1. Tell me the strands (runs of 3 or more DSSP E) entirely within the range 133-215 that contain at least 3 residues that are without any contact (Cβ under 8 Å) to a residue 60 or more places away in the chain.
2. Might you let me know whether the range 80-92 holds any residue that is modelled with pLDDT under 85, out of contact with any helix residue (DSSP H, G or I) (no Cβ under 8 Å at 6 or more places or on another chain) and not acidic (Asp, Glu)?
3. Specify the residue that is modelled with the highest pLDDT; the eligible residues are those in the range 183-215 that are open to solvent by less than 20 Å² (accessible area, probe 1.4 Å) and over 14 Å from the mean Cα position of the chain (by Cα).
4. Give the range 57-114 a look and list any residue that's assigned to a loop (DSSP other than H, G, I, E, B) and of a type in the set (Val, Ile, Thr), or say none.
5. Can you give me the number of residues within the range 135-152 that are over 15 Å from the mean Cα position of the chain (by Cα) and either β-branched (Val, Ile, Thr) or crowded, with 17+ Cβ neighbours inside 10 Å (or both)?
Amino acid sequence: MFAWGTREIFNNRLEDGAVMIRKSCVWLFVAMGVAWPLFAERVEVPRLPEPVFADTEVVTNVCLPRLKEGSRFFNFELRLEGTAENNVEVGFGKDGALVDGGLSEEEIGFKIGWDCGRWFVASPKNAVRPEAEALGAGDARRLSGTLALGAQGKVERWVLREGNERLVFEGLEGVPPWLERFDFEMAKVVVRGVGARTASVMVELQGGQFVFIVR
């Protein structure tokens with residue numbers, strides 16, 4: 001059973017043209033007593049779309065506990081204020097040869113996110129970025145995802161929903177070929193565009209699923 005040692009929020013702010021970062025160290029404890037640190041930093045991700053007004057981005061890297069052998073599902077949720085002028089994404093991957101505590105673009109296996117009014121899924125392995133129309137009105141958005149796993153983390157099927165309705169991504173049926181298995185160790189949350197300068201990111205484990213909250 002997982003429990004948070006603290007609920008402190010990662011808080012990255014940009015004020016008067018200077019980057020003001022408060023590094024908050026949060027520990028995620030598991031039953032065996034092992035702990036992973038969660039931390040925030042600012043990095044450049046040049047492949048993201050340019051923001052409409054702000055020229056900033058806020059990044060938080062999160063260490064994920066390894067899935068137990070025989071785990072059948074990985075569940076996550078992304079909550080955000082989605083507008084026509086902001087970009088929010090969560091990328092899953094492994095910290096590679098550099099082992100620098102953060103994910104580079106090449107180390108990300110797949111992404112899910114919001115881009116100026118539309119949802120998207122993406123991977124550095126695939127040149128096409130399937131998108132889906134946002135469902136419903138208003139800026140408060142909630143996307144949930146369930147990955148059904150087989151042997152050795154093979155992704156057998158996945159479902160992505162906004163609220164209670166299933167999202168349909170253009171040109172994508174079933175599990176993408178570039179998402180063969182889920183064996184990722186980290187998640188990278190990126191916020192860009194209008195509102196990024198005052199954005200905060202909070203990650204919680206609620207009822208067995210990771211919840212990424214962007215405010």
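1. 155-162
2. The answer is no; no qualifying residue exists.
3. Here the residue is 193.
4. Residues satisfying the conditions are 83, 99.
5. 1
The values are calculated or read from the model by the stated rules, or taken from the named source; none is laboratory data. None of these values were measured; they are calculated from a predicted model. For neighbour counting, all protein chains shown are included, and Cβ atoms are generated from backbone atoms with ideal geometry for every residue, glycine included. These area figures cover heavy atoms from the full protein model, side chains too; ligands, DNA and RNA do not enter into them. Shrake-Rupley method; radii C 1.70, N 1.55, O 1.52, S 1.80 Å.
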